[in-house]
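Novice: Once you've had a glance at the structure underneath, I'll fire off some questions.
Derivation of every value follows stated rules applied to the coordinates shown; laboratory data play no part. Every value quoted in this text rests on a predicted model; they were computed, and no experiment measured them. Cβ coordinates were reconstructed from backbone atoms using ideal geometry, including for glycine residues, and neighbour counts include every protein chain displayed.
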Amino acid sequence: MKQTADILTSKGIRPSVQRVTVLHYLRGVKTHPTVDTIYQDLLPENPSLSRTTVYNTLQLLSDNGLVLTLDFGEGYLRYDADCSPHCHFKCKCCGNVFDLMSPPPDCSNMLPQGFNLSAVQLSLFGTCPKCSGH
Ligand SMILES: [Zn+2]
Ligand SMILES: [Zn+2]
């Protein structure tokens, strides 16, 4: 696994302590956390961290293609450091978001002339095995 600081440097981002901390945390979780979750989890070990810094860092990482922003219509964004093509499943019962490792469908043939595709995100909704009682 590449060092988190190296990943930032390779994108021309100065690897400040806060940036490394946020990206390192995100690379270590599979929960697709929100800004608030990330902030609250990091705060005990990083008392000088502010919510704004976390937010701005996530914005920067997202602009540089290092994290995905996910919108499940919840009124807030979730973040994912796994930028490989994959889909998501949101359980409407427990609220957890799961990775589906199959790539999103090829949507390029859906586009009329003149449209350029830059990203496809596919979110599926339903109930997870735990919530469906399996
Ligand atoms: Zn569930
Ligand atoms: Zn994911």
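Novice: Test of understanding: ordering LEU23, LEU77 by Cβ neighbours within 10 Å, fewest first, what list do you get? Display every interim value, and only then the final one.
Specialist: On the way: LEU23 23, LEU77 17.
By the 10 Å Cβ count, ascending: LEU77, LEU23.
Novice: Let me ask you something else. Could you list which residues have their amide H under 5 Å from that of THR127, counting only those 5 or more apart in sequence or on another chain, with H placed in the peptide plane?
Specialist: For THR127, the qualifying residues are LYS92.
Novice: So what's Rg/Rh here for the chain, counting alpha carbon atoms and using the Kirkwood radius for Rh? Write out the running numbers ahead of the final one.
Specialist: Values: Rg = 16.5 Å, Rh = 16.4 Å.
In the chain, Rg relative to Rh is 1.01.
Novice: Still on this structure: Quickly rank 97-104, 113-120 as a protection proxy: mean count of other C-beta atoms within 10 Å, highest first.
Specialist: 97-104, 113-120
Novice: Hey, another quick one. If you count the DSSP beta bridges with both ends in the chain, what percent of them are antiparallel, to the nearest 5?
Specialist: On the way: 9 of 13 bridges.
Expressed as a percentage, antiparallel bridges in the chain total about 70.
Novice: Let me ask something else. How long is the gain from ALA119 to HIS134 if the chain were fully straight, where each residue apart is worth 0.36 nm and the alpha carbon distance is subtracted?
Specialist: 2.0 nm
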